[in-house]
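Okay, so here's the structure we're looking at.
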Amino acid sequence: MALDPKSEAAEAAPAKSSKKKIIIIALAALLLIGGGGAAWFFMHHKSADAKKEVKSEAPAIAPVFVKLEAFTVNLQPDPDEKFLQMEMSLQVANPEQAELLKLQMPAVRNRLLMLLSSKLATDISTPEGKQQLSNEIATEVKKPFAKDAKPQEILGVFFTSFVIQ
């Protein structure tokens, strides 16, 4: 039986055709993966640059603190007599506020001494009690020193020493 040359060509054609399909699919997959990877890289790279630009636009402003001299006060009897010795710093909005507080320091200290001497040791010995005291100190210092004056801009109260005996 003789082989027909047309049938050999027909068998070779599907083999070549299937190889072409595999090569085309592999190239398409590589292009798709490579394009997706490149897109991710450039999008990620741009977002990192955008974050850097946002950070560099906002100028860093140094915080302004006013350090107060140490306070030593007798606390309310609970049932024993105790005293509080503490130091703190106040964070203010700007240097002008710091200067105003320094000018009014006798009034500031008077307000704080009255507040501190009204406390019980058990009320201010816990972290929650200290936080509450910090809030009360900020409220007292924020009050205007004159009738028509604006309140002070106190951003924070920071205890640097806190001893109850």
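In the list SER125, SER134, which residue meets the criterion of being among the hydroxyl-bearing types (Ser, Thr, Tyr) and over 21 Å from ASN94 (Cα atoms)? Give the steps one after another, and end with the answer.
Details: SER134 fails: over 21 Å from ASN94 (Cα atoms).
Matching residue, one of SER125, SER134: SER125.
May I ask you to verify whether GLN91 is in contact with a Pro (Cβ under 6 Å, 6 or more places away or on another chain), assigned by TED's automatic domain parsing to the domain that holds VAL157 and modelled with pLDDT of 95 or more?
Values: in contact with a Pro (Cβ under 6 Å, 6 or more places away or on another chain): yes; assigned by TED's automatic domain parsing to the domain that holds VAL157: yes; modelled with pLDDT of 95 or more: yes.
Spelling it out, GLN91 is indeed in contact with a Pro (Cβ under 6 Å, 6 or more places away or on another chain), assigned by TED's automatic domain parsing to the domain that holds VAL157 and modelled with pLDDT of 95 or more.
The values are calculated or read from the model by the stated rules, or taken from the named source; none is laboratory data. Since the structure is predicted, the reported quantities are computational estimates derived from the model, not experimental observations. Cβ atoms come from the backbone with ideal geometry, glycine included; neighbour counts cover every protein chain shown.
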